[in-house]
Amino acid sequence: NKPNGNYSNPPDVHKKSKHKTAVIKKTLNPEFNEEFFYEISFSELATKTLEVTVWDYDLGKSNDFIGGVSFGCQSQGEALQHWIDCLKNKGKKVERWHTLTNELPGSMTQE
């Protein structure tokens, strides 16, 4: 098993909103250290959700969902607080660790 990159996906109908990290091979503890940037107006952020998912990549098999986390105004707990802190600190990095849940984000179940 090789953990696959995490997906960063503000849900909308356009595939261009989806970004994928490189696949990190031969480790069960990958560090991706990648950044993604989205062109979006500050006012639109109230209606958007940032979804991050992590998948296990197996050659010749379908990828297995490992976990994910969603950030947006509809989030709860630490994810919501992180989203609010990011909105308050426009243009600055606000980094936190998050525990992944085993539920697929809403846009992933609709594909």
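Apart from one condition, V13 fits all of (1) modelled with pLDDT under 90; (2) touching a helix residue (DSSP H, G or I) at 6+ places or on another chain (Cβ under 8 Å); the exception is (2). In the set (1) part of a loop (DSSP other than H, G, I, E, B); (2) in contact with a Pro (Cβ under 8 Å, 6 or more places away or on another chain), G68 fails one condition alone, (1).
Residue-by-condition table, conditions (1) within 17 Å of H19 (Cβ to Cβ); (2) loosely packed, with under 15 Cβ neighbours inside 10 Å; (3) acidic (D, E):
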residue	(1), (2), (3)
T49	yes, no, no
T53	yes, no, no
Y57	yes, no, no
K61	no, yes, no
F71	yes, no, no
S75	no, no, no
A79	no, no, no
H82	no, no, no
N89	no, yes, no
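The values are calculated or read from the model by the stated rules, or taken from the named source; none is laboratory data. Since this is a predicted model, take the numbers as computed values, not measurements. All Cβ positions, even for glycine, are placed from backbone atoms using ideal geometry, and neighbour counts span all protein chains on display.
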